Protein chains: 2
Amino acid sequence: MTDKLINFFKPRGVALIGASSNPGKLSYGILKNMISYGYQGSVYPVNPGNQEILGLKCYPSISEVPDPVDLAVVILPAPAVPEVVEACGQRGLQAVNIISGGFREVGAEGYELEKRCLEIASRYQMRLIGPNCVGTMDLYSGLNTTFIRGVPDTGSIGFISQSGAVCGAVVDLVAGKGIGFSYFVSMGNEADVTETDLIEFLNKDENTRVIAAYVEAISDGPRFIRVASQVTRHKPIVILKAGHSDAGARAVSSHTGSLAGSIAAYDAAFRQSGVIVANTVAELFDISFALSVQPLPVGNRVAIVTNSGGPAALASDSLAANGLQLGDLSLDTKAKLREFLVPSAQVNNPVDMLGGATPEEYARALECVLKDPGIDTALVIQVPTSLVNPVESATKIGETAAKSEKPVIVCLMGDASIQEARNTLHRLKVPMYVYPEQAGRVYGAMLNYKRWLDTSPAGEMPGFSADRQMAQRQFDSVKAIKNIGEAHIRPLLQTYGIPLIPAELARSAEESVRHAEKLGYPVALKIVSPDILHKSDAGGIRLNLSTPQLVEQAYQEMMEKLAAAFPDARLEGVLVEPMAAKGHEVIVGMKRDPQFGPLMMFGLGGVYVELFTDVAFRVAPLNAQTALEMIFETKAGKLLKGVRGQKPADVEAVVDCILRLAQLALDFPEIAEVEVNPLLVFEQGKGATGLDARAILL
Amino acid sequence: MTDKLINFFKPRGVALIGASSNPGKLSYGILKNMISYGYQGSVYPVNPGNQEILGLKCYPSISEVPDPVDLAVVILPAPAVPEVVEACGQRGLQAVNIISGGFREVGAEGYELEKRCLEIASRYQMRLIGPNCVGTMDLYSGLNTTFIRGVPDTGSIGFISQSGAVCGAVVDLVAGKGIGFSYFVSMGNEADVTETDLIEFLNKDENTRVIAAYVEAISDGPRFIRVASQVTRHKPIVILKAGHSDAGARAVSSHTGSLAGSIAAYDAAFRQSGVIVANTVAELFDISFALSVQPLPVGNRVAIVTNSGGPAALASDSLAANGLQLGDLSLDTKAKLREFLVPSAQVNNPVDMLGGATPEEYARALECVLKDPGIDTALVIQVPTSLVNPVESATKIGETAAKSEKPVIVCLMGDASIQEARNTLHRLKVPMYVYPEQAGRVYGAMLNYKRWLDTSPAGEMPGFSADRQMAQRQFDSVKAIKNIGEAHIRPLLQTYGIPLIPAELARSAEESVRHAEKLGYPVALKIVSPDILHKSDAGGIRLNLSTPQLVEQAYQEMMEKLAAAFPDARLEGVLVEPMAAKGHEVIVGMKRDPQFGPLMMFGLGGVYVELFTDVAFRVAPLNAQTALEMIFETKAGKLLKGVRGQKPADVEAVVDCILRLAQLALDFPEIAEVEVNPLLVFEQGKGATGLDARAILL
């Protein structure tokens, strides 16, 4: 499917439809870029009003363009585009890149135009990039269909972006710094080719070692997870996701039902796919570049080699904040360092060679620490001083790094004086950063990725033998209710094997007592009413009733008070439930995400859920391993493991409950939300039991 | 005291002792810098081996240097320095800046040399900067005593640094970018002049609008807090503190007693002094520069004016993460924007003028949003495109910003193409950043500082009428014990008015019952033993004993079991205490910090303290306002306010307990740690009561 995408980057010939001879027009700039960066295929400007542009013969229409031509780049007013796409199809093209805007992003009319283009393209089995984008660059074939000024250096980062502006900015930021790219793709509206298609394509591309992406929205979440979890087993994917704040606000929403905002789904999806999340544009390329030129660290022990203490302290803070530590140098290493460093140098880690450190000292010290078996990775820091030639140091450091299989990154803390040294290092495939703080973030990301590779891929979700017919009947009987309370959702949950405390519906005080006798004292009474959602707040719960008299009395009082307080509410009766044994209160839930599907939630229950919003998320389908990761991401997970000498709780029972709830959510897409809250978790081997539950339908 | 510091920056004459005619020497570089940046005073090289250096007459010794001379800069081997300092004193100098290393930082011998220099200087009432530093720059007088290559632009950031390397790096990073400084001071070992002295000095300096500092350690914490809390009322202090990670590790230590690591003290001190904390070198100058050229925002409503959506989305995320929001533009503003922007432009906030936005459109749109009463501050984003002339835009934006009293910052997301535009903006006093993510951090810091200025200065700590003589007797009677348990620390705490649950010491089962009868059932028994610190873990606590039989039995069982389990422990008896009513469990404590003194702690009590490490810190002395701020920084504070319809708890009682504990800590410097844990807090008006307490002496 995505093999055809090669036509966007290495076509035998490319037509520019809407080419202009006016140097003030974007299309002129595109044509110029097409022929300026070494592209060896044929380039055909198409414009009925011109004979020749930039020395190239201009054709009146795509139908008259000679062979070979695989790709059309279209820059025409939106209303004219569908017709041109049709012509491209007739001409037998494989790929169309629509640069022009004026489509979905401007409203209904544009949306219709976009839909027509897509329909035509799929009729001809052509692939479409855009519309509303700034084109693509293949740094190997040299084909550049953008109007961006300049190109990045050639290397192995494949960059895809849902913002054309970010593409332009990034070129300006990285150009001339030796940060090498394989592809640059502006994806625009993604009418056809999506970020996931391009991830699949870049995965197969041998020039690409790292996939970097700027993402605003992922439309097919489940496919993204499927593809990304496979790709990240071969190459890293680093993503900067914009639009964190809206969803962030939703995530801190005070009632538990709305904890699972959409950003939680993105975070969960990225995490369970092994995607590296960058928090800033700078980080996106800091991390991607290091991954594209350096090996992965096998552990978290860093050695710092520096000519100054302050920046080394800042770097140490940053390393610590990202899960790395300063490794202990062996006695042997220290003795070797002592041999050639000045007496006042510090041979513990950080190795501080002081302001006068020479390029040779840098090289020898770096070699020493890289050979130390207690060190997994090195960070070399140099502050410019009048005693230092940064380029000489850079050369020595780079050459030494190349000889080691351990990763090395360098911090040259300056600007004016380090430009050339940066290029030297980058040419030698050693990433250089300006600030010591960047090092921690980069090594942290590399280490996390290494750990992802070290875990076995998550397997399939286990099947559960729910009686699907019975479940359907149970669902049908409640599907007219939008907010389904405990009494009505219980049968469906139980069919899926989700453990719930025994409960009986009573419609009178006498019936309550009968049930209590059967269930055993003490019991709880809980109102059953489709109109009372917050039972506890409304006074619809009575706990610890230990005699028939107390049960009878509680029933009558509750009914009278609720009838008075909520005259319009339908009071269907009460659930009679035995009081539960002691356990840890957690919450297990699902909220359906429009992009990603069932988003499973686990967290601390009770009053603390609101106070600490201690929750973690994963997208279903998921397996036990992923559910366990989710649980142990939270403080509640630590609580279940046992703190202060408590016995560990039955985490397996929680995993089982999460998986069963996930299966339910996958089987019934009409369920928008469902939660068991609290789920009471007992000691290991003693299971868990839900004390309350609810669901909301779409 | 600090008035004399002017001699370091604007001396009538300066001698360089140890001047060299060898261009490869640092001292040659210093002399060159001294005469290269417009310094108008006299410059005297001192070196017995030279007649003239760099065209200046060279003197054999400081005693022969003619008038006027106020400052000596010394760069000689450490052992030679004390004698020279003596000579400077005799010559009548006011100030000595010792550049040379080889002092305290190299060990005991160097420490002695440093001490001698300090003694000599103070005998002559000379002030001393250094040793082990890279000198100072006054960008107004032009005196530059460093060997750093280049100087920053002139402006109003006063920068002081405990790392010379950071000074050098920063000059390289900022030079030529229009980021203006008033002073650059490398403080070295701070033998005499400290960061706090320089903060006092810069506070009085009229060229300095912002004090920026790189700090590794503050030796006199209480003085720093006193000075900084006053200075920040006049000018902002922005500090980057290195060495966060060691203490960070201490802060996550699992037992509550060691929660108060030293970094907690720094954080607390900075917070209660109104100091702005920068997390990275880049942030230190991003924030300082904005504060030095722009007015403060009066609120958190930002308008974004941009030519591209992606970077605006990233900026919005960053603003949201830092407590700012996108303001709603008025209908009037939107109508005005609609008048001149292209039809497809977005006139909601962010105002997206699309890729073709002209300099005029930037100026008019910025003017519109700045005039909107619903907007407090503006962020202008421009991504370089082939259609944009960044310098023209920069000029228009800068001129428009200058006409408004609201702050404006600009993001030009590029590198190569925006260098000139940056200088244009900076000349017009509008800070420019490369990445949209920087904007949120800067505006967040500015807003927090504005809020600090809006709060009234914290007043004095209230006095408490503890019977000092009785307290001293109580203290004396336990001071032989290092770890003081509840039974022994109770009298001292009670003398300071700290509320504790009633308790009686019983040395037999019969006595226990007698006390229980008096206190009222049910009661708790708690072992009293200097050798059993963790009573609960050891089995030394029995709760809820409701009859004389149960009390008697519990006493005997406890004594037998403990005697068997801890054969060497001295078992002095038990405390008999009534069971407390229900309340919120919090912890109130103090840990003495070597730099800052009594570090007060407040947090969530019980099992959750370990799970969530939900604690906040302040340095004593503190007043009720500061104590309240500390409380409400925690989740426990929110719990006390009342969640889920609970009644608010007695926060005043907690404040009172914190202040009394602080007074105790100030009165008895021998107490290293003391805590009341748990402190049980009842409903508003019903007070609080400590259920357990302990102390550790130094």
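Just so you know, all these numbers are worked out from the coordinates, no wet-lab data involved. Predicted, not measured: the structure shown is a model, and the values here were computed from it. Heads up, the Cβs are rebuilt from the backbone with ideal geometry, glycines too, and the neighbour counts pull from every protein chain shown.
In table form, for the structure just shown:
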read-out: Stretchable slack from A:Gln646 to A:Asp220, in nm (0.36 nm times residue separation minus alpha-carbon distance); value: 149.0 nm
read-out: Inter-chain Cβ neighbour average for residues A:413-421, partner chain, 10 Å; value: 5
read-out: Dipole of chain B, positive end: most advanced residue of B:Ala108, B:Asn544, B:Ile658 [Cβ charges, Cα centre]; value: B:Ile658
read-out: Alpha-carbon centroid distance for the pair segment A:510-575 / segment A:185-243, whole angstrom; value: 54
read-out: Shielding by other protein chains, A:304-317, mean Cβ within 10 Å; value: 6
read-out: Segment A:502-579 - charge dipole about Cα centre, Lys and Arg +1 at Cβ, Asp and Glu -1, debye rounded to 20; value: 120
read-out: Shape category assigned to chain A from the gyration tensor of Cα positions, a/c cut at 1.5; value: oblate
read-out: Ranked A:Phe270, B:Phe285, A:Phe464, criterion: other C-beta atoms within 10 Å, fewest first; value: A:Phe464, A:Phe270, B:Phe285
read-out: Segment A:502-579: relative contact order in percent, alpha carbon pairs under 8 Å with at least 6 residues between; value: 51
read-out: Fraction of beta bridges assigned by DSSP in segment A:1-140 that are antiparallel (%, nearest 5); value: 10
read-out: Cα-centre dipole for the protein assembly as shown with unit charges at Cβ (Lys and Arg positive, Asp and Glu negative), debye to 20; value: 680
read-out: Rounded to 5, percent antiparallel among DSSP beta bridges of chain B; value: 50
read-out: MRE, 222 nm, helices only [DSSP H, n ≥ 4, -39500 (n - 2.57), over chain A, to nearest 500]; value: -12000 deg cm²/dmol
read-out: Calculated FRET value between B:Glu119 and B:Lys204, using beta carbons and R₀ = 25 Å, to 0.05; value: 0.35
read-out: Footprinting exposure proxy for B:Thr280, A:Thr145, B:Thr196 (fewest neighbouring C-beta atoms within 10 Å first); value: B:Thr280, B:Thr196, A:Thr145
read-out: Relative contact order [Cα under 8 Å, 6+ residues apart], chain A, whole percent; value: 9
read-out: Ranked A:Lys638, B:Lys582, B:Lys635, B:Lys641, criterion: other C-beta atoms within 10 Å, fewest first; value: B:Lys582, B:Lys641, A:Lys638, B:Lys635
read-out: Summed side-chain charge close to B:Gln474 - residues other than B:Gln474 whose Cβ falls under 10 Å, Lys, Arg +1, Asp, Glu -1; value: +1
read-out: Cβ-derived FRET efficiency at R0 25 Å, A:Thr613 paired with B:Asn348, nearest 0.05; value: 0.25
read-out: Lys/Arg +1, Asp/Glu -1 at C-beta; segment A:584-697 dipole; positive extreme among A:Val643, A:Tyr608, A:Ala693; value: A:Val643
read-out: Global geometry of segment A:502-579, whether rounded, prolate or oblate, following the gyration tensor of its Cα atoms and the 1.5 cut on a/c; value: prolate
read-out: Environment charge of B:Ala78, counting only residues whose C-beta is closer than 9 Å and scoring Lys/Arg +1, Asp/Glu -1; value: -2
read-out: Interchain or long-range residues, amide H under 5 Å from B:Ala688's placed H; value: B:Phe682
read-out: Listed residue pairs exceeding 26 Å between alpha carbons, taken from A:Lys479/A:Lys591; B:Lys334/B:Lys396; A:Lys4/A:Lys177; A:Lys115/A:Lys204; A:Lys582/B:Lys535; A:Lys535/A:Lys686; value: A:Lys4/A:Lys177; A:Lys115/A:Lys204; A:Lys535/A:Lys686
read-out: B:Ala672 long-range amide H proximity, modeled H, under 5 Å; value: B:Ile696, B:Leu697, B:Leu698
read-out: Nonlocal amide H pairs with A:Ile53, under 5 Å, H built at 1.01 Å; value: A:Cys58
read-out: Inter-label distance, nm, simple model (7 Å from Cα along the C-beta direction), A:Ser36/B:Ala108; value: 7.0
read-out: Pairwise centroid distance, computed over Cα atoms, of segment B:334-371 with segment B:594-621, Å; value: 50
read-out: Packing-based ranking, highest mean first, of B:64-74, B:297-307 given that Cβ atoms within 10 Å are counted; value: B:297-307, B:64-74
read-out: Cα gyration tensor, the protein assembly as shown - rounded (a/c under 1.5), prolate or oblate; value: oblate
read-out: Segment A:5-161 - convex hull of alpha carbons, volume per residue in Å³; value: 104
read-out: On Cα atoms only, tilt of B:195-204 relative to the major axis of chain B in degrees; value: 60
read-out: Under Karplus coefficients 6.51, -1.76 and 1.60, residue-wise ³J(HN,Hα) of segment B:270-282 in Hz, glycine/proline x; value: 4, 5, 7, 9, x, 6, 8, 9, 9, 9, 9, 4, 4
read-out: A:Asp328-B:Thr455 pseudo-label distance in nm [points 7 Å out on the Cα-to-Cβ vector]; value: 4.3
read-out: Spherically averaged projected area of segment B:584-697 from its Cα convex hull (nm²); value: 6.7
read-out: Net dipole in debye of chain A [+1 Lys, Arg Cβ; -1 Asp, Glu Cβ; about Cα centre; nearest 20]; value: 860
read-out: Antiparallel bridge percentage (DSSP; both residues within the protein assembly as shown; nearest 5); value: 50
read-out: Estimated distance in nm for a label pair at A:Asn389 and B:Lys482, the labels positioned 7 Å out from Cα along Cα-to-Cβ; value: 5.8
read-out: Within-12-Å neighbourhood charge of A:Val513 [Cβ basis; K, R +1; D, E -1]; value: -3
read-out: Modelled FRET efficiency - R0 22 Å, A:Leu533 with A:Asp667, Cβ distances, 0.05 increments; value: 0.35
read-out: Residue-wise HN-Hα coupling along segment A:398-412, computed from phi with Karplus coefficients 6.51, -1.76, 1.60 (Hz; x: Gly, Pro); value: x, 5, 5, 4, 4, 7, 9, 8, 8, x, 10, 10, 10, 10, 10
